[in-house]
Amino acid sequence: MTVRLPGEQSAPERGRLLVVVAVPAEAEAVLRGLPGSAEPVPLPGGGLHRTRRADGPEVDVLAAGVGPAAAAAGASAALAAHRYDAVVSAGIAGGFAPRAPIGATVLAGAIVAADLGAETPDGFADVTELGFGTVRHTPPPTAVALAAGALAGRTAGPVVTGTVLTVSTVTGSAERAAALTARHPGVAAEAMEGFGVAEAAARHGLPAFELRTVSNPVGPRDRAAWRIGEALAALEGAFAALPCPEFLKEARRG
């Protein structure tokens with residue numbers, strides 16, 4: 001059941017989208033890309049801003065913190081306080097070369113918890129293999145395809161659809177990058193929040209998506225090679241190009 005804060009009204013007929021990012025710099029990039037001005041919205045812990053326009057859905061943007069636990073907690077707080085139709089985990093990420101180079105925009109065809117499980121004598125076993133739950137959420141494919149088609153040709157880099165991994169420890173070696181690629185065919189990017197956001201959305205019966213722009217290759221940690229400014233600019237451009245009314249309508253169909 002959704003419990004709204006005092007004064008909170010039902011979402012308008014045109015809908016409402018929640019975008020969850022990790023840090024304020026990502027929230028600012030998303031908000032720059034969205035039409036209209038942003039205003040703060042009440043939420044325990046703060047960090048939530050809403051944009052409105054007459055011809056489209058309201059879009060709330062929340063900077064929830066780094067990692068799957070903070071993302072799940074922040075998203076859950078927003079979903080309990082306000083009414084939404086869909087949720088997007090967004091931000092910058094590491095990309096698996098050559099599929100998702102620096103500057104690429106990645107849309108998740110699957111949101112997967114890559115390190116939720118146990119080490120066994122036969123190697124890593126995820127919680128699904130252990131019989132304890134799920135490590136995968138699948139966004140509605142038609143809505144993902146609509147977004148990918150709308151962004152293609154309107155972003156500086158390529159638009160890629162593939163698996164986005166959620167990790168609690170960012171990959172810092174070629175060996176781990178290779179292991180993840182072998183374990184997850186079709187992987188495109190690695191971030192730290194998507195699965196937490198998707199878990200919160202699932203508890204509320206809502207579709208979850210993930211949109212990432214690539215700032216660095218997944219592999220050996222080389223800060224000098226990171227292009228955070230370029231990735232934030234790409235994130236802004238992606239949300240400027242995203243057709244929110246059509247996307248939200250397709251997401252509702254599921």
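The values are calculated or read from the model by the stated rules, or taken from the named source; none is laboratory data. Because the structure is predicted, anything quoted here is derived from the model rather than measured. Reconstructed Cβ throughout: ideal geometry from the backbone, glycine too, with neighbour counts over all protein chains shown. What goes into the accessible areas is simple: the full protein's heavy atoms, side chains included, and nothing from ligands, DNA or RNA. Shrake-Rupley method; radii C 1.70, N 1.55, O 1.52, S 1.80 Å.
Scanning the stretch 64-93 for residues that are among the polar types (S, T, N, Q) and without any contact (Cβ under 8 Å) to a residue 40 or more places away in the chain turns up nothing.
Give me the pairs: first residue in the stretch 158-184 and among the basic types (Lys, Arg), second residue open to solvent by less than 40 Å² (accessible area, probe 1.4 Å) and assigned to a loop (DSSP other than H, G, I, E, B), beta-carbon distance under 8 Å, and six or more apart or on different chains, which are they? Correct list of pairs: Arg183/Ala114. Tell me, please, whether a residue that is assigned to a strand (DSSP E or B), open to solvent by 10 Å² or more (accessible area, probe 1.4 Å) and either in contact with a Ser or Thr (Cβ under 9 Å, 6 or more places away or on another chain) or closer than 28 Å to Ile228 by Cβ (or both) can be found in the stretch 80-93. Yes; the residues of the stretch 80-93 include at least one that is assigned to a strand (DSSP E or B), open to solvent by 10 Å² or more (accessible area, probe 1.4 Å) and either in contact with a Ser or Thr (Cβ under 9 Å, 6 or more places away or on another chain) or closer than 28 Å to Ile228 by Cβ (or both).
Filter the stretch 139-152 down to the residues that are more than 13 Å from Leu211 (Cβ to Cβ) and under 16 Å from the mean Cα position of the chain (by Cα), then identify the one that is surrounded by the fewest Cβ atoms within 10 Å (Cβ to Cβ). Talk me through it step by step, then tell me what you get.
Taking the stretch 139-152 first, the residues more than 13 Å from Leu211 (Cβ to Cβ) are 140-142, 145, 149, 152.
Subset that is under 16 Å from the mean Cα position of the chain (by Cα): 140-141, 145.
Values: Pro140: 17, Pro141: 12, Ala145: 14.
Checking each candidate, the answer is Pro141.
Restricting the stretch 97-113 to residues that are open to solvent by 10 Å² or more (accessible area, probe 1.4 Å) and assigned to a loop (DSSP other than H, G, I, E, B), the residue that is farthest from Pro185 (Cα to Cα) is Gly103. Filtered by the rule that a residue be open to solvent by 40 Å² or more (accessible area, probe 1.4 Å), at pLDDT 90 or above and either assigned to a loop (DSSP other than H, G, I, E, B) or farther than 19 Å from Glu175 by Cα (or both), the stretch 118-128 gives Pro121, Thr128.
A search for C-beta distances below 6 Å between a residue of the stretch 144-157 that is within 20 Å of Ala251 (Cβ to Cβ) and of a type in the set (A, V, I, L, M, F, W, C) and any residue that is assigned to a helix (DSSP H, G or I) and open to solvent by 20 Å² or more (accessible area, probe 1.4 Å), counting only pairs 6+ apart in sequence or on different chains, returns Leu146/Glu250. Just one of the listed residues (Ala11, Ala29) is at pLDDT below 90 and open to solvent by less than 30 Å² (accessible area, probe 1.4 Å), namely Ala11.
Of all the listed residues (Thr163, Thr155, Thr134, Thr171), the sole one being closer than 22 Å to Ala114 by Cβ, hydroxyl-bearing (Ser, Thr, Tyr), assigned to a loop (DSSP other than H, G, I, E, B) and open to solvent by less than 30 Å² (accessible area, probe 1.4 Å) is Thr171. Scanning the stretch 186-219 for residues that are in a loop (DSSP other than H, G, I, E, B), open to solvent by 20 Å² or more (accessible area, probe 1.4 Å) and touching a helix residue (DSSP H, G or I) at 6+ places or on another chain (Cβ under 6 Å) turns up His204, Pro207, Val218.
One residue alone among Glu250, Glu230 is among the acidic types (Asp, Glu), within 27 Å of Ser76 (Cα to Cα) and touching a residue at least 40 places away in the same chain (Cβ under 8 Å), and that residue is Glu250.
Can you tell which of Ala233, Ala251 is of a type in the set (Gly, Ala, Ser), out of contact with any Phe, Trp or Tyr (no Cβ under 6 Å at 6 or more places or on another chain) and open to solvent by 10 Å² or more (accessible area, probe 1.4 Å)?
On the way: Ala251 fails: open to solvent by 10 Å² or more (accessible area, probe 1.4 Å).
One residue alone meets the criteria, Ala233.
Anything in the stretch 220-249 that is part of a loop (DSSP other than H, G, I, E, B) and under 24 Å from Arg52 (Cα atoms)? List them, or say none. Of everything in the stretch 220-249, those that are part of a loop (DSSP other than H, G, I, E, B) and under 24 Å from Arg52 (Cα atoms) turn out to be Leu242, Pro243. Look through the stretch 49-73, keep the residues that are in a helix (DSSP H, G or I) and in contact with a Gly (Cβ under 6 Å, 6 or more places away or on another chain), and return whichever of them is least open to solvent (accessible area, probe 1.4 Å). Per the stated criteria, the residue is Ala71.
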